[in-house]
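Data block below; observations after.
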Amino acid sequence: MTEADPGRRVAVVLFNLGGPDDQAAVKPFLFNLFNDPAIIGLPGLLRTPLARLISSRREATAQANYRLMGGGSPLLPETRAQAEALQAVLSDRLAGDQARVFIAMRYWNPMTAETAAQVAAFAPDEIVLLPLYPQYSTTTTQSSLKLWNETYVGPGVSRAVCCYPQAGGWIAAQARGVAETLDQAGDRPVRVLFSAHGIPETLVSAKGDPYQEQVETTVAAVVAAVEAERGPIDHAVCYQSRVGPMKWLGPSTPEAISQAGRDGRGVVVVPIAFVSEHVETLVELDIEYAELAHAEGVSPYLRAPAVGARPPFIQALAQAVVDALDRTGVAPFGPGCKADWKACPHRRQRAA
Ligand SMILES: C=CC1=C(C)c2cc3[nH]c(cc4nc(cc5[nH]c(cc1n2)c(C)c5CCC(=O)O)C(CCC(=O)O)=C4C)c(C)c3C=C
Ligand SMILES: [Fe+2]
Ligand SMILES: [Fe+2]
C-alpha cells in the first residue's frame, strides 16, 4: 500500500436474531420467526397460516415477558455496543483499510434488506459475514446467511464466518464470567449448568445440524479453562426455551436445576450459546428458572452474565474477521461453511 492508497473498504455484517423494540412489535416479530422455513420446515402454504396462528396465540404471554424488561428486547442495544467495540478494534487491526461494522437482524429491525442496502451503498471491496452465534445451527446461522445471500445485491467479495465454538477470546470471556460467578458462591457446593437455547432433536438426529456438538465443544473448552485455574468443577450441559410439541434437545434446564437440587447442590447457570442479554436470559433464566430453583430449595441460584462486549470476546470477533480476510491459519472460516455447511471443517471440532 502506498501513502495515497486508501486501502480496502471492508464491511463486517453482524448477524443476530433481533428482538421486538416495543409491545406492538412482539406479534410481527413472532410471525417473522415462525414463518421462517428454518424454524418450521413446512411449505409456505401451510407454514404462513400456522405462523399467523402461533404468533397470535403467543402474543400476550410474550408481551408480558418483554414488559418485564421495560417493554422490548435489549438485544439491539447490546448488539450495537458489540458493533462499536468491534469497530474500534478493527480500526487498529485493519489500520490502512476502511472497515465498517453493520448489524443485520433476522426477525426484527434492522432487517436484512435494510442493512444489505446500506452495505451496498458503502461499496465494499470485501464483506465479512459474521454471525453472533458461536455455534452453527441451521435455525440461526444458516437461516441468516441464506437470507443475506438471497438479498444482497452490490459489490464486494463475501466471506462467511460459520462459527467459532472454541475461539480463544470467546472461551476466555466465558471462563472469566464463570469464575466470577463461582466466586459469589463461595464455599457452597454448586453445579455449573451450561444452558444453551434448545432446538428440536430431529434437526440433529435426522438432518445433521452441528449445533449440539459445537455447544459441547464450547462447554469442554470453557470447563478446561476454568479448571486450569481452580481445579475440578461439577458441571452439566442443558437446553432451555423449548417451544412447541416436538421433542427438543435435553436435558432441559429446569430438569437440570431440579437434578442439582436432588444432588444437594446449588447452581451457577451459564448462557453458553447467547452472547448478549435478552428475554431468554433476563426473564427465563433470571426470573422463571430462579423461581423454580427457589421453590425446589436449590440454593444458591446464580447466573453468569452473557459475554456482551467483554474485550476478549470482541478480540475473538476481530480475529475471525482477520482470518476470514486472510484465509490463513487452521480451518479458516471458508466459503464451504456458507455454501454447504455439511462440508464445514468446524463440524469436526468436536470435544474429545
Ligand atoms: C443460539 C441461539 C438460538 C437458537 C438456536 C434459537 C432457536 C429457536 N428459537 C425458537 C423460538 C423462539 N426464540 C425466541 C427468542 C430468542 N431466540 C434466540 C436465540 C436462538 N433461538 C434469542 C437471542 C432470542 C431472544 C430475542 C429477544 O427478543 O430478546 C422466541 C421469542 C421469545 C418467546 O416467545 O419465547 C421464540 C418464539 C425456535 C422455535 C428455535 C428453533 C427451532
Ligand atoms: Fe430462539
Ligand atoms: Fe465452518
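The values are calculated or read from the model by the stated rules, or taken from the named source; none is laboratory data. The structure displayed is predicted, hence computed values, not measured ones. As a convention, Cβ positions derive from the backbone with ideal geometry for all residues, glycine included, and neighbour counts pool all protein chains shown.
List of remarks:
- Scanning region 130-139 finds no residues that are more than 16 Å from ligand 1 (Cβ to nearest atom), touching a Ser or Thr at 6+ places or on another chain (Cβ under 7 Å) and of a type in the set (Phe, Trp, Tyr).
- Scanning region 253-273 for residues that are crowded, with 23+ Cβ neighbours inside 10 Å and in a loop (DSSP other than H, G, I, E, B) yields 272, 273.
- Search result, residues across region 78-129 that are at pLDDT below 95 and closer than 18 Å to residue 275 by Cα: 129
- Checking each residue in region 274-303 for being touching a Gly at 6+ places or on another chain (Cβ under 9 Å), within 16 Å of residue 192 (Cβ to Cβ) and in a helix (DSSP H, G or I) picks out only 293.
- Restricting attention to region 195-217, the residues that are surrounded by fewer than 19 Cβ atoms within 10 Å (Cβ to Cβ), closer than 20 Å to residue 256 by Cα and modelled with pLDDT under 95 total 1.
- Answer residue from region 54-72, given it is at pLDDT 95 or above and exposed (fewer than 12 other Cβ atoms within 10 Å of the Cβ) and is farthest from residue 244 (Cα to Cα) among those: 60
- The number of residues in region 224-237 being closer than 12 Å to residue 182 by Cβ and outside any loop (DSSP other than H, G, I, E, B) comes to 5.
- Any hit, region 248-259, residues being modelled with pLDDT under 95 and within 16 Å of ligand 1 (Cβ to nearest atom): no
- Among the residues of region 139-157, those that are within 13 Å of ligand 3 (Cβ to nearest atom) and within 18 Å of residue 199 (Cα to Cα) comprise 141, 142.
- One residue alone among 57, 8 is basic (Lys, Arg) and touching a residue at least 12 places away in the same chain (Cβ under 8 Å), and that residue is 8.
- Test: residue in region 4-23 that is part of a helix (DSSP H, G or I) and of a type in the set (Gly, Ala, Ser): no
- Screening 291, 280 for residues that are surrounded by fewer than 20 Cβ atoms within 10 Å (Cβ to Cβ) and either within 16 Å of ligand 2 (Cβ to nearest atom) or without any contact (Cβ under 8 Å) to a residue 60 or more places away in the chain (or both) leaves exactly one candidate, 291.
- Flag if residue 24 is surrounded by fewer than 19 Cβ atoms within 10 Å (Cβ to Cβ) and within 11 Å of ligand 1 (Cβ to nearest atom): no
Residue-by-condition table, conditions (1) under 17 Å from the mean Cα position of the chain (by Cα); (2) farther than 23 Å from residue 84 by Cβ; (3) modelled with pLDDT under 95:
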{"site": "271", "(1), (2), (3)": "yes, no, no"}
{"site": "276", "(1), (2), (3)": "yes, no, no"}
{"site": "287", "(1), (2), (3)": "no, yes, no"}
{"site": "294", "(1), (2), (3)": "no, yes, no"}
{"site": "323", "(1), (2), (3)": "no, no, yes"}
{"site": "335", "(1), (2), (3)": "no, yes, yes"}
{"site": "342", "(1), (2), (3)": "no, yes, yes"}
{"site": "350", "(1), (2), (3)": "no, yes, yes"}
